[in-house]
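The values are calculated or read from the model by the stated rules, or taken from the named source; none is laboratory data. All of these numbers come straight from a predicted model, not from anything done at the bench. A quick note on method: Cβ atoms are made from the backbone with ideal geometry, for glycine too, and the neighbour counts reach across all protein chains shown.
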């Protein structure tokens, strides 16, 4: 059984880059250092070790734009080829790209690796410039679809996502997307790369915005469930931070946290709903948001 790891320490990265050079640059007589490029610091890196702790497979992905990711430098030690390790690395990189909001993933493949990427769902799109002046490459593309998401009312969720992007453009720039709605639980996720500060963690203001939109969205969907309409506004919001976000920003709102009644809307009166939103970094709880939202009947807007 092989486990996907993310290099963290200097030693991890030394071993990671050594294998990359050994498999992808040394055969063409390129020196140490040629295996690195300007995207290393903004990329996600993955590796696999053997039982002796030696790195035997590596790969990398970075975001070219808000909806396109690029995979590069997948390599497997010769002794471990044919065991499916490259597929494991690619699957991990694709999962990260999906979480970041990518709808397509590209790679510039040499002729020898085209069958591998084709077997993983990639298609040749065009020829690209030679790598390091020698290695002919083809750009291959794979369309990504969301997996493992539960959308009880996909039409409502799509309308909600569109509403955010149209009326609050910064939500799209932050990479905030609906991940799950089960009727009782509403989950959103954001891109860490688009909200990262100089410490390599998520901006506190971005976390607050993610929490606020998640609470707003839960109320929007509950209004749909009840056949009601209204303008949703944040009256008061407080957040308590415990740990920084360094991996996957997630926000969850459970229906049990809602406190208040929607009935006044039936009489064209405003109502108030309190709720809580949990903020997680992957599976680790890092902050709690409490908000008071007001819902105004539509005809009372004037």
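Quick notes on this one:
- Residues considered: 245, 273, 295. Of these, the only one that is within 21 Å of residue 194 (Cβ to Cβ), in the same structural domain as residue 201 (by TED's automatic domain parsing) and at pLDDT 95 or above is 245.
- Checking each residue in segment 220-243 for being surrounded by fewer than 16 Cβ atoms within 10 Å (Cβ to Cβ), out of contact with any strand residue (DSSP E or B) (no Cβ under 7 Å at 6 or more places or on another chain) and assigned to a loop (DSSP other than H, G, I, E, B) picks out 227, 229.
- Number of positions in segment 43-82 that are touching a residue at least 60 places away in the same chain (Cβ under 8 Å) and either over 17 Å from the mean Cα position of the chain (by Cα) or over 17 Å from residue 107 (Cβ atoms) (or both): 1
- Exclusive hit being in the same structural domain as residue 290 (by TED's automatic domain parsing), buried (at least 22 other Cβ atoms within 10 Å of the Cβ) and touching a helix residue (DSSP H, G or I) at 6+ places or on another chain (Cβ under 6 Å), set 211, 251: 251
- Residues located in segment 145-178, provided they are at pLDDT below 90, under 14 Å from the mean Cα position of the chain (by Cα) and surrounded by 15 or more Cβ atoms within 10 Å (Cβ to Cβ): 149
- None of 197, 259 is free of Cβ contacts under 8 Å to residues at least 24 places away in the same chain, under 30 Å from residue 40 (Cβ atoms) and loosely packed, with under 15 Cβ neighbours inside 10 Å except 197.
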